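A.B. asks: Once you've had a glance at the structure underneath, I'll fire off some questions.
The values are calculated or read from the model by the stated rules, or taken from the named source; none is laboratory data. Only a predicted model underlies this, so the values are computations on that prediction, with no experimental measurement involved. Heads up, the Cβs are rebuilt from the backbone with ideal geometry, glycines too, and the neighbour counts pull from every protein chain shown.
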Amino acid sequence: MKALVVRSAIVASLGGLIFGFDTAVISGAEEAIQQQFGLSDGMLGFTVTTALLGTILGALSAGRPADALGRKKVLVIIGVLYVVGAVGSALAPNVWLLQLFRFLGGIGVGASSVVAPIYTAEVAPPAHRGRLVGLVQFNIVLGILVAYASNAVIRGLIDGEHAWRWMLGVMTAPAVVFLLLLFTVPETPRWLMSVRRGEEARATSLRLCTTEAEADTQIDEIRSSIAADEQALKVPFFTRDHRRVILLAVAIAFFNQMSGINAILYYAPRVMQQAGATTNTAFIMSVGVGLMNLVATMAALTVIDRLGRRRLMLVGSIGYLLSLGFLAAVMFYYESRGFTGTSATLVLVGLMAFIASHAFGQGSVIWVFISEIFPNRLRGRGQSLGSLTHWVFAAATSWAFPPIVGALGGGVAFSIFFVFMVGQLVWVLKVMPETKGVPLEEMEARLGVHYDRGDTAGEAAGGR
């Protein structure tokens, strides 16, 4: 594998690291922001959620610019949004500008979740594509851990009312590095081919591939893929024949967020402080949560193709119920008796078990599962629908979490998530199909995706 391929994949995956960092960094700043600007629990939830609202817009709108301007140019725009969002959030003099800059940074995050994997897949030679695309997912989880660690370090060094500004502003450093490194990598051969710049596409492919034969294979694959995409646009998406796969995609994305994962990632230090931990201890504990997330994600990725998607979801669902039930019981017990150091330790144990359950189950399965249940001609739109569902409910849970905890307590909040995870367990047992190792044609038959002869012939002609 050529150095240019590795560098290009690493640069694109830095977008994933910043994505993960932005997701978790607010956890260290949200309490100070609430105090600084005198926010109610509801307004705090909205301020945190503005980034997610931007993420929804970014994920929905990134496709057209990436096709029109090129993957690399859109990644540069994303880098600029990262820098502007980080600097603006750190310097914001009032909550309204803070919300605006978090929204702009969120647009970058959402767009990156679409464009970074596409860029990596399109610069990677076929033989190395899986591992290189996996770098993006790995870096998202790594970014969450780095954000928790950064918050803990800054909290230890800067014990003042402006520490939160440093927490949000430190993202400027990786964002600037990401932006500068983008100028050292090429545009993707696939995009160049799509805009009829065939000679440039072949020249770039020769730079990326180790042999001329490998470059020829990549160019042939690109031609087939472009033809298939053109054919896919002619196939309607929301039809009765697609109902089951659409509902499967919506369900897994809905349950993903109704576990409470994003709310817990955003408010982990607050939960641990409420449970009796000191502020500095809560920040250090959150690093442990991030480390568990990374370890469990890597463990799941090593066994997902051996154990299957459904079995991982089953293990994760049971883990959700045990950990959320435990957390709810601890919070109910100590809310009536007063929190102590023991309660903080118990909550940390519950959160570690929860994050491990998520990373081993939903966190590792959701995007693989959605990509496998949709036929080629529907896959892009299916992924978009799953992503939209995911971010909408991420925004809803993150917005609602502080008011619920403030008014009703942590026990009620974790109980709500517990009830939804009972629903997920039933869904996994009764509805969710196994997709591991199932050929595309057999998957379509199992899920009742039917087409008339014209559609089937058209897809075959388009390079299925």
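A.B. asks: Within the group 173, 213, 203, 121, which residue is buried (at least 17 other Cβ atoms within 10 Å of the Cβ) and either among the aliphatic types (A, V, I, L, M) or assigned to a helix (DSSP H, G or I) (or both)?
C.D. replies: Working: 173 fails: buried (at least 17 other Cβ atoms within 10 Å of the Cβ); 213 fails: buried (at least 17 other Cβ atoms within 10 Å of the Cβ); 203 fails: buried (at least 17 other Cβ atoms within 10 Å of the Cβ).
Among 173, 213, 203, 121, only 121 is buried (at least 17 other Cβ atoms within 10 Å of the Cβ) and either among the aliphatic types (A, V, I, L, M) or assigned to a helix (DSSP H, G or I) (or both).
A.B. asks: Report, by residue number, each residue of region 20-50 that is under 18 Å from residue 286 (Cβ atoms) and under 19 Å from the mean Cα position of the chain (by Cα).
C.D. replies: Listed by number, the residues that qualify are 20, 21, 22, 23, 24, 25, 26, 27, 48.
A.B. asks: Now, a different point. Name every residue in region 134-170 that is surrounded by fewer than 20 Cβ atoms within 10 Å (Cβ to Cβ), of a type in the set (Val, Ile, Thr) and part of a helix (DSSP H, G or I), in order of residue number.
C.D. replies: Within region 134-170, just 153 meets the criteria.
A.B. asks: What's the total number of residues in region 259-271 that are farther than 16 Å from residue 403 by Cα and modelled with pLDDT of 90 or more?
C.D. replies: Qualifying residue count for the region: 2.
A.B. asks: For residue 251, only one of the following conditions fails: (1) crowded, with 17+ Cβ neighbours inside 10 Å; (2) assigned to a helix (DSSP H, G or I); (3) touching an Asp or Glu at 6+ places or on another chain (Cβ under 9 Å). What is its number?
C.D. replies: Exception for residue 251: condition (3).
A.B. asks: Could you check region 97-118 and list, in sequence order, the residues that are modelled with pLDDT under 80 and either assigned to a loop (DSSP other than H, G, I, E, B) or in contact with a Lys or Arg (Cβ under 8 Å, 6 or more places away or on another chain) (or both)?
C.D. replies: 118
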